[in-house]
Amino acid sequence: MSVRRLAAEQPESFSFTPELEAIAQKLIAKYPEGRQASAVVPLLWETQKAAGGWLPEPAIRAVAERLGMANIRVLEIATFYTMFNLEPVGKYFVQLCGTTPCMLRGAEAIRHVCEKKIGHERHVSADGTFSWLEVECLGACTNAPMVQINDDYYEDLTPENFEKLLDDLAAGRPVKVGPQNSRKGSEPEGGPRVLLDPALYAHDVKIGQEAAPADEAPTSGAPAPTSGE
Amino acid sequence: MAKIVVDGTEVDVPAEYTLLQACEAAGVEIPRFCFHERLSIAGNCRMCLVEVKGGPPKPTASCAMAVKDLRPGPNGEPPVVLTKSPMVKKAREGVMEFLLINHPLDCPICDQGGECDLQDQAMAYGADTSRFAENKRAVEDKYIGPLVKTSMNRCIQCTRCVRFSTEVAGVPDLGAIGRGEDMEITTYLEHAMRSEMQGNVADLCPVGALTHKPYQFHARPWELIKTESIDVMDAVGSNIRIDTRGREVMRFLPRNNDAVNEEWISDKSRYVWDGLKVQRLDRPYVRKDGRLVPATWSEAFAAIAAKVKGTAPTKIGAIIGDLASVEEVFALKTLMGKLGSANIDARQDGAKLDPALGRATYVFNPTIAGIEQADAILLVGTDPRHEASVINARIRKRWRQGGLKIGLIGAKVDLTYAYDYLGAGPDSLADLAGSSAFGDILRKAERPLVIVGQGALARPDGAAVLSLAARVAVAVGAVKDGWNGFGVLHTAAARVGALDVGAVPGPGGLDVAGMTAPGALDVTFLMGADEVEVAPGAFVVYLGTHGDRGAHRADVILPGAAYPEKSGIYVNTEGRVQFANRAAFPPGEAREDWAILRALSEVLGQTLPFDNMQALRAQLVSGYPHLGHIDEAAAADAGAVSTLAGVGGSVDKAAFAPVIEDFFLTNPIARASAVMAECSALRLAAAAEAAE
């Protein structure tokens, strides 16, 4: 993580749209009278959405004013949480996971694709379509490497399918959310490889009854579950 | 109360005490950076770690754990705190090592050097070398105003400054942006802080990250001579420490006094010191052919004597300024008495306060500390934030505790706390005497407080307004046994003391407005009175310190001593008698004001009956015994308030006007200060921007 600063170029002003105002009222209504400041994080999030995926400085001020908070209090929050973008992002905002499991599974190659196809990190591509950012673990380690683009996860990436994904997004073609290979969710690739013995599922003995003695005698002949790897 | 054993000593402390407080009660000092008695608990520096038995089995931050959080032992033994165990030593050394990782080793060029908490505690817990071979964190310095300089590499992120500005000052300008190692203290987009008490953040900073900009690179603490004194910039009587080097005043710092200023002072009190060095009157002047020319003392006295001798006593008068000590007021009053003149007035602004009505009618009866007991406050014609910033902080402190209703009559201003705006003028005040929403709040309150400012009194109908305010106070039950909730908030440090010694027009005497009117007087003495305009015609003798309005008008200038240059008694707005020590000497030929008056009296043939300060004080105290009780605020007879309520009079409809036009430029010393001028310009610019 590095020092987070407000973007150098900022829009002149920001005002709540009627839609955003309606959301704000709903969020504020969740909290007791006088405690409207509690709504600051969700309201900043909705404001970020409304402002095109990032928080311009006037928007931070608008939120502060709406919640009756000091500007600096809202700025503290906006700079604390890394999911609040302080700089403009592309129409498709790629968050590339670079934490250990993804890194071991080839996040570096995905990063190179980003650099090649989009440009430098934290820069919006010339046509405004893409920008990318390396982030910490997004919690989809089973399907590493992965990226999050706007609200969706795209997993099991290779440089090839990721390039194609970006091309498809740029061209407006439909894309598949989730694993980009044949996997379904986080199931093992190529189908299950353990617990295959049909006998395990053949009889209708309650599993709990059988499992209990097995726990007490782990040295019995039952095959220990092995990991998918 | 709960028992707890600290390092083998059993102490009995309130259960809600923190371990740190319990340790202090047991006489054990705990190192700390983020903890401060007057701020909320943050618990983020970890320097105050102690070992506990009856709590978590790891070093515990003593500032953030209460005594009641600890369990007793198996047989009901009290919990045990160890502050000198190997575990504690190791933990504190570890914390210190982490703090020093990113702290630059620039003590030799750091203004905090010599009075730095980190430096001191590193002597106790620091290692001699660093094991940290990597790059240190570098943080950009921030602009947060003309008064506080930042050097953010040194910040240890204790957040005392953030908590002070949010909680005490009530102007939440400072914040901590970013997180973790990248956390930075700043204001929003680096605008200047807007609090009038911002200098205190530099005092609170335990390292050299926030230092006093006007003082930067000026002096080292060990070369300074420290003198305990009293501030005169407002009528609070804040306790200050004057640091001098040689003859020069280097800075003012607050002293702790829970009854008055706790440990805060306003920026004007703190940074006015550069005004003591410029525009000073350092020799007598006499006007010859329309020009002021330097003169000797004897020439100046002779010029005055020549004029006074041919003047009828009724055509001689004296006006006392806002910064005078009680001794010189007494000396001047005695002199005017000897000259046979009843024309003397200490109420430069024309406030209609009359000491004849009793002391309770012109002091802040509930006392400053008493504000914390009030449960409803009515502010009449006052803006305490600018008239008495420290008192405003006290009101805010009470307000933050909850259950306090505040109403304001007068100019609508930002007081840093919420209040009900009741109206602009005396009409709204009269409404409160009858049945009204806020009147009922005051009536229901156990300890209602009515604070009357000079804005309500410095007007032709001031006496009637004062009486009306007293009537409201009596009507709502603010004056009763054990509680006198009628308080007059003064703005001038000299005022209460001068009223105490009766420096108001005698029978047939003229008040300030009368004396400054054209043709009223032939000889006018101005003792540091710069806020009045003396009409042309009168021969003006100005006894003061700075080349301000009074000196420009003067025919003879007698150079006096400014407040750090003389010892004297000051009585603050609550009637507390405080003693200011002399820290420096007046420049050039300037002398202490009482001595000038004594010397002048001899030339005038009316020798004052004292030859030294001791004799003067002895006379003063024998005439006014309460002035001998230093540091005490004697309770005034509350009956005077009821009498005052009966005085009555007709009030005008005009709104109460603010008394302070520019917070930073209220007296000649402040007007001479470049720092104050910069603050004033910044404030005006901010106000202009806000108006757009």
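Might you let me know whether region B:625-634 holds any residue that is modelled with pLDDT of 95 or more, closer than 29 Å to B:Y542 by Cβ and of a type outside the set (D, E, K, R)?
For region B:625-634, residues modelled with pLDDT of 95 or more, closer than 29 Å to B:Y542 by Cβ and of a type outside the set (D, E, K, R): present.
Answer with yes or no whether B:S601 is without any contact (Cβ under 8 Å) to a residue 60 or more places away in the chain, part of a helix (DSSP H, G or I) and more than 28 Å from the chain's Cα centre (by Cα). Talk me through it step by step, then tell me what you get.
Numbers: without any contact (Cβ under 8 Å) to a residue 60 or more places away in the chain: no; part of a helix (DSSP H, G or I): yes; more than 28 Å from the chain's Cα centre (by Cα): yes.
So B:S601 does not fit the description; no.
Taking the criterion of being among the polar types (S, T, N, Q) and buried (at least 17 other Cβ atoms within 10 Å of the Cβ), would at least one residue in region B:73-83 satisfy it? Step through it out loud before you land on a result.
At the first step, the residues of region B:73-83 found to be among the polar types (S, T, N, Q) are B:75, B:83.
From what's left, buried (at least 17 other Cβ atoms within 10 Å of the Cβ): B:83.
Within region B:73-83, one or more residues are among the polar types (S, T, N, Q) and buried (at least 17 other Cβ atoms within 10 Å of the Cβ).
Here's a check for you: in region B:1-42, which residue that is of a type in the set (S, T, N, Q) and open to solvent by 20 Å² or more (accessible area, probe 1.4 Å) is farthest from B:P72 (Cα to Cα)? Break it down stepwise before answering.
Just the residues of region B:1-42 that are of a type in the set (S, T, N, Q), to begin with: B:9, B:18, B:21, B:40.
So of that shortlist, the ones also open to solvent by 20 Å² or more (accessible area, probe 1.4 Å) come out as B:9, B:21, B:40.
Values: B:T9: 16, B:Q21: 18, B:S40: 27 Å.
Here the residue is B:S40.
Collect the residues in region A:1-44 that are touching a residue at least 12 places away in the same chain (Cβ under 8 Å), over 29 Å from A:E121 (Cα atoms) and within 14 Å of chain B (Cβ to nearest Cβ), keeping them in residue-number order.
Correct list: A:A37 only.
Can you give me the number of residues within region A:45-58 that are away from chain B (no Cβ under 11 Å), assigned to a helix (DSSP H, G or I) and either in contact with a strand residue (DSSP E or B) (Cβ under 9 Å, 6 or more places away or on another chain) or under 15 Å from A:S13 (Cβ atoms) (or both)? Steps first, please.
Pass one, region A:45-58, residues away from chain B (no Cβ under 11 Å): A:45-56, A:58.
Going one step further and asking which of them are assigned to a helix (DSSP H, G or I), we end up with A:45-50, A:58.
Now drop any that are not either in contact with a strand residue (DSSP E or B) (Cβ under 9 Å, 6 or more places away or on another chain) or under 15 Å from A:S13 (Cβ atoms) (or both), which leaves A:47, A:50, A:58.
Qualifying residue count, region A:45-58: 3.
Within region A:80-101, identify whether any single residue is assigned to a helix (DSSP H, G or I), open to solvent by less than 60 Å² (accessible area, probe 1.4 Å), in contact with a Cys (Cβ under 6 Å, 6 or more places away or on another chain) and more than 14 Å from chain B (Cβ to nearest Cβ), and answer yes or no. Before you say what the answer is, go through the steps one by one.
Start the filter on region A:80-101 by keeping residues that are assigned to a helix (DSSP H, G or I), which leaves A:80, A:100-101.
With the extra rule that they be open to solvent by less than 60 Å² (accessible area, probe 1.4 Å), the set shrinks to A:101.
Next, only the ones that are in contact with a Cys (Cβ under 6 Å, 6 or more places away or on another chain) stay: A:101.
Going one step further and asking which of them are more than 14 Å from chain B (Cβ to nearest Cβ), we end up with A:101.
Within region A:80-101, one or more residues are assigned to a helix (DSSP H, G or I), open to solvent by less than 60 Å² (accessible area, probe 1.4 Å), in contact with a Cys (Cβ under 6 Å, 6 or more places away or on another chain) and more than 14 Å from chain B (Cβ to nearest Cβ).
Taking region B:607-627 as the search range and keeping residues that are without any contact (Cβ under 8 Å) to a residue 40 or more places away in the chain and part of a helix (DSSP H, G or I), which one is least open to solvent (accessible area, probe 1.4 Å)?
So the residue we want is B:A615.
Hey, can you tell me all the residues within region A:38-79 that are open to solvent by less than 10 Å² (accessible area, probe 1.4 Å), polar (S, T, N, Q) and farther than 17 Å from A:I23 by Cβ?
A:T79
What are the residues in region B:157-201 that are on the phi > 0 side of the Ramachandran plot and touching a residue at least 40 places away in the same chain (Cβ under 8 Å), if any? Explain how you work it out, then say what you get.
As a first pass, look at region B:157-201 and keep what is on the phi > 0 side of the Ramachandran plot: B:157, B:159, B:170, B:178, B:180, B:189-190.
The answer is B:Q157, B:T159, B:G170, B:E190.
Residues that are in contact with a helix residue (DSSP H, G or I) (Cβ under 9 Å, 6 or more places away or on another chain) and away from chain A (no Cβ under 13 Å): find the strands (runs of 3 or more DSSP E) completely inside region B:153-229 holding 3 or more of those.
Working: elements: B:174-177, B:184-187, B:210-212.
Output list reads B:210-212.
In this structure, does B:G519 turn out to be over 22 Å from B:D282 (Cβ atoms), out of contact with any Asp or Glu (no Cβ under 6 Å at 6 or more places or on another chain), of a type in the set (G, A, S) and touching a residue at least 12 places away in the same chain (Cβ under 8 Å)? So that I can check it myself, show each step before the final result.
Numbers: over 22 Å from B:D282 (Cβ atoms): yes; out of contact with any Asp or Glu (no Cβ under 6 Å at 6 or more places or on another chain): yes; of a type in the set (G, A, S): yes; touching a residue at least 12 places away in the same chain (Cβ under 8 Å): yes.
Considered against the rule, which asks whether it is over 22 Å from B:D282 (Cβ atoms), out of contact with any Asp or Glu (no Cβ under 6 Å at 6 or more places or on another chain), of a type in the set (G, A, S) and touching a residue at least 12 places away in the same chain (Cβ under 8 Å), B:G519 comes out as yes.
Can you name the condition, by its number, that B:T159 falls short on among (1) closer than 30 Å to B:H191 by Cβ; (2) of a type in the set (S, T, Y); (3) in contact with a Lys or Arg (Cβ under 7 Å, 6 or more places away or on another chain)?
Status for B:T159: all satisfied but (3).
From (1) open to solvent by 40 Å² or more (accessible area, probe 1.4 Å); (2) within 14 Å of another protein chain (Cβ to nearest Cβ); (3) over 30 Å from B:N392 (Cα atoms); (4) in a loop (DSSP other than H, G, I, E, B), pick out the condition that doesn't hold for B:F132.
For B:F132, the failing item is (2).
Please verify whether region B:234-251 includes one or more residues that are touching a Cys at 6+ places or on another chain (Cβ under 8 Å) and open to solvent by less than 10 Å² (accessible area, probe 1.4 Å). It would help to see each step written out before you state the result.
Of region B:234-251, the ones touching a Cys at 6+ places or on another chain (Cβ under 8 Å) are none.
For region B:234-251, residues touching a Cys at 6+ places or on another chain (Cβ under 8 Å) and open to solvent by less than 10 Å² (accessible area, probe 1.4 Å): absent.
Would you mind telling me which numbered condition in (1) surrounded by fewer than 24 Cβ atoms within 10 Å (Cβ to Cβ); (2) farther than 21 Å from B:A305 by Cα B:H546 fails?
Checking B:H546 against (1) surrounded by fewer than 24 Cβ atoms within 10 Å (Cβ to Cβ); (2) farther than 21 Å from B:A305 by Cα, the one that fails is (1).
Taking B:N484 as meeting all but one of (1) open to solvent by 30 Å² or more (accessible area, probe 1.4 Å); (2) out of contact with any Ser or Thr (no Cβ under 6 Å at 6 or more places or on another chain); (3) over 30 Å from B:A618 (Cα atoms), write down the number of the exception.
(1)
Could you count how many residues in region B:606-634 are over 30 Å from B:A302 (Cα atoms), touching a helix residue (DSSP H, G or I) at 6+ places or on another chain (Cβ under 8 Å) and among the hydrophobic types (A, V, I, L, M, F, W, C)?
The total comes to 3.
Examine region B:493-511 for a residue that is surrounded by fewer than 24 Cβ atoms within 10 Å (Cβ to Cβ) and touching a Ser or Thr at 6+ places or on another chain (Cβ under 6 Å), and state whether such a residue exists.
No: zero hits.
Among the listed residues B:V474, B:V465, B:V413, identify the single one that is under 22 Å from the mean Cα position of the chain (by Cα) and in contact (Cβ under 8 Å) with a residue 12 or more places away in the chain.
Numbers: B:V474 fails: under 22 Å from the mean Cα position of the chain (by Cα); B:V465 fails: under 22 Å from the mean Cα position of the chain (by Cα).
Every option except B:V413 fails the conditions.
Going through region B:512-541 one residue at a time, which ones are over 28 Å from the mean Cα position of the chain (by Cα) and either surrounded by fewer than 14 Cβ atoms within 10 Å (Cβ to Cβ) or part of a loop (DSSP other than H, G, I, E, B) (or both)?
B:A513, B:A517, B:P518, B:G519, B:A520, B:L521, B:D522, B:V534, B:A535, B:P536, B:G537, B:A538
For region B:413-424, which positions are assigned to a loop (DSSP other than H, G, I, E, B) and either surrounded by 13 or more Cβ atoms within 10 Å (Cβ to Cβ) or touching a Gly at 6+ places or on another chain (Cβ under 8 Å) (or both)? Show your work before the answer.
In the first step, residues of region B:413-424 are kept if they are assigned to a loop (DSSP other than H, G, I, E, B); the result is B:413-419, B:424.
B:V413, B:L415, B:T416, B:Y417, B:Y419, B:A424 - these are the residues of region B:413-424 that are assigned to a loop (DSSP other than H, G, I, E, B) and either surrounded by 13 or more Cβ atoms within 10 Å (Cβ to Cβ) or touching a Gly at 6+ places or on another chain (Cβ under 8 Å) (or both).
If you scan region B:643-668, which residues turn out to be open to solvent by less than 60 Å² (accessible area, probe 1.4 Å), assigned to a helix (DSSP H, G or I) and touching a residue at least 60 places away in the same chain (Cβ under 8 Å)?
B:L644, B:A645, B:F663, B:F664, B:P668
For the condition within 30 Å of A:T158 (Cα to Cα) and either assigned to a helix (DSSP H, G or I) or not acidic (D, E) (or both), what is the one hit in A:R111, A:R61, A:R66? Step through it out loud before you land on a result.
Working: A:R61 fails: within 30 Å of A:T158 (Cα to Cα); A:R66 fails: within 30 Å of A:T158 (Cα to Cα).
Going through A:R111, A:R61, A:R66 in turn, the sole match is A:R111.
Okay, residues lined up against (1) without any contact (Cβ under 8 Å) to a residue 40 or more places away in the chain; (2) farther than 23 Å from B:A551 by Cβ; (3) aromatic (F, W, Y):
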{"site": "B:A469", "(1), (2), (3)": "no, yes, no"}
{"site": "B:V479", "(1), (2), (3)": "no, yes, no"}
{"site": "B:W483", "(1), (2), (3)": "no, yes, yes"}
{"site": "B:H490", "(1), (2), (3)": "no, yes, no"}
{"site": "B:L499", "(1), (2), (3)": "no, yes, no"}
{"site": "B:V512", "(1), (2), (3)": "no, no, no"}
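So in region A:164-192, with the set limited to residues that are over 19 Å from the mean Cα position of the chain (by Cα) and outside any loop (DSSP other than H, G, I, E, B), which one is nearest to A:C102 (Cα to Cα)?
My answer is A:K164.
The values are calculated or read from the model by the stated rules, or taken from the named source; none is laboratory data. The structure displayed is predicted, hence computed values, not measured ones. Counting neighbours? That spans all protein chains shown, and the Cβs are built from the backbone with ideal geometry, glycine included. Calculation scope for accessible area: heavy atoms of the full protein, side chains included, ligands and nucleic acids excluded. Shrake-Rupley method; radii C 1.70, N 1.55, O 1.52, S 1.80 Å.
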